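Everything on this sheet refers to the single structure shown next.
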Amino acid sequence: MSQYVCKIEEVDENGKEIRLMAGPMPSYAMVFLHAGRIRAFLNVCPHQGRPLNWGPDQFLFSPERHLVCAQHGATFLLESGECISGPCRGARLRSLEVRLDDDSVWLDQELVQERV
Ligand code: FES
């Protein structure tokens with residue numbers, strides 16, 4: 001079973017937060033257009049488990065376009081989710097599989113449940 005995320009044209013380099021419909025507790029994904037590809041991760045920082053954004057769909061980026069956690073400044077590669085600086089250096093964001101279907105973006109809900 002998959003979860004509809006949004007239309008492809010709604011995803012941009014500034015990111016979008018998506019509430020996941022899997023599991024008993026609310027959880028959130030973040031979706032970005034990066035280097036011509038759509039990347040998705042759970043919106044959970046490996047440092048203290050907090051969301052990375054500072055407001056709805058509001059994410060911080062370094063000048064090099066790395067994703068920066070708004071809590072304590074951990075910095076992540078959008079290609080892999082690897083933390084390259086900050087308090088959880090070497091840890092990774094949980095990557096989510098994205099499926100494109102015509103003009104829409106989908107997340108595999110079973111995969112999401114496994115990884116939450
Ligand atoms: S919770 Fe993200 S850097 Fe601390």
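The values are calculated or read from the model by the stated rules, or taken from the named source; none is laboratory data. Quantities reported herein were computed from a predicted structural model and do not represent experimental measurements. All Cβ positions, glycine included, derive from the backbone under ideal geometry; neighbour counts span all protein chains shown.
Quick notes on this one:
- Residue within region 93-110 that is in a strand (DSSP E or B), within 15 Å of the ligand (Cβ to nearest atom) and modelled with pLDDT of 95 or more present: no
- Residue check for Lys7: surrounded by 14 or more Cβ atoms within 10 Å (Cβ to Cβ) and either away from the ligand (no atom under 15 Å from the Cβ) or of a type in the set (Val, Ile, Thr) (or both): no
- Screening region 1-68 for strands (runs of 3 or more DSSP E) wholly inside it with 3 or more residues that are without any contact (Cβ under 8 Å) to a residue 40 or more places away in the chain returns the ranges 27-34.
- Of the residues making up region 10-59, those that are among the β-branched types (Val, Ile, Thr) and crowded, with 20+ Cβ neighbours inside 10 Å number 3.
- Residue selected from region 69-92 under the condition assigned to a loop (DSSP other than H, G, I, E, B) and free of Cβ contacts under 8 Å to residues at least 12 places away in the same chain, by the criterion nearest to the ligand (Cβ to nearest atom): Gly90
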